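Chemist: Next up is a structure, given as structure tokens.
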Amino acid sequence: MGTNTSSGSGSGSGSSGGTATTGGAQLSTVVPKGLRLKVSQMIAGIQAVVPEGSSVAVGGVVLAKTDLVNELMQISSAYQAVDAGVLAARTARSQLSAQTPGFHKQYTGIKDALLALLGRGNPQLAQFGITTSNGSKPLTPAQKVVRAAKSLKTRALRHTMGKVQKAAVQYTGELQLAVSETTPAAPADETAPAVAPPAAAAQGTAVESAPAATPVAVNQT
């Protein structure tokens, strides 16, 4: 009787949320809600309020206090089992994540051994899930010339030619240009005689002429 009561109390407190340890990893449990929370609260109420040795009629069946707790514990245990599974899955995923690099290395080693045994072009490799590559088809001489020409054209369009290639590129077509030249004026001759300066009248200056002298008659007696 006392053992059942103790386990019921532990279940009620454990379902209220906390931490649990599984496989050395400490993970938090789910906070109870809904029916799980109601069951947890009812277990705590029965243990605290219902007197020891008393019984309660449930659906026409008389159940003692310990029987009530045990029935509710079955519901709580179902939720705890789910929690344990979740914790175990989390631990397994964590361990798998740590082991994955080693698994890849192990697989690659076996794959390389099979390729060395059967040959890379062996069609039987498909049965192992290994994709085979037939390799690129060799080009004919004409195809090689075309590819080289396309490469040069592409480089020219992208302006990715080197200095030597750029220097070799020169325009070789015909040009039709019209050039107009103007003949410069002849320079002045320094040996030519100096031109006399223009007359004062030409410069707009008026020059008055001197009046003619009038003879004076002298009477001598």
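Read the figures in this text as sums done on the coordinates, not as results from a lab. If you're wondering where the values come from, they're calculated on a predicted model, not measured in any experiment. Heads up, the Cβs are rebuilt from the backbone with ideal geometry, glycines too, and the neighbour counts pull from every protein chain shown.
Chemist: First select every other residue whose beta carbon is under 10 angstrom from the beta carbon of S55; then total the charges, Lys and Arg +1, Asp and Glu -1.
Modeler: Once positives and negatives cancel, what remains is 0.
Chemist: Tally Lys and Arg at +1 and Asp and Glu at -1 over the other residues with C-beta under 12 Å from the C-beta of I43: what net charge comes out?
Modeler: Value of the local net charge: +2.
Chemist: Taking 45 Å as R0, compute the FRET efficiency from the Cβ-Cβ separation of L115 and K166 and round it to 0.05.
Modeler: 0.45
Chemist: Related question: Evaluate E = 1/(1 + (r/R0)^6) for S77 and V49, where r is the Cβ-Cβ distance and R0 equals 22 Å; express this FRET efficiency to the nearest 0.05.
Modeler: Here the calculated transfer efficiency is 0.45.
Chemist: Additional query: Report the label-to-label distance for L96 and K137 in nanometres (one decimal), using points 7 Å from each Cα along the Cα→Cβ vector.
Modeler: 4.4 nm
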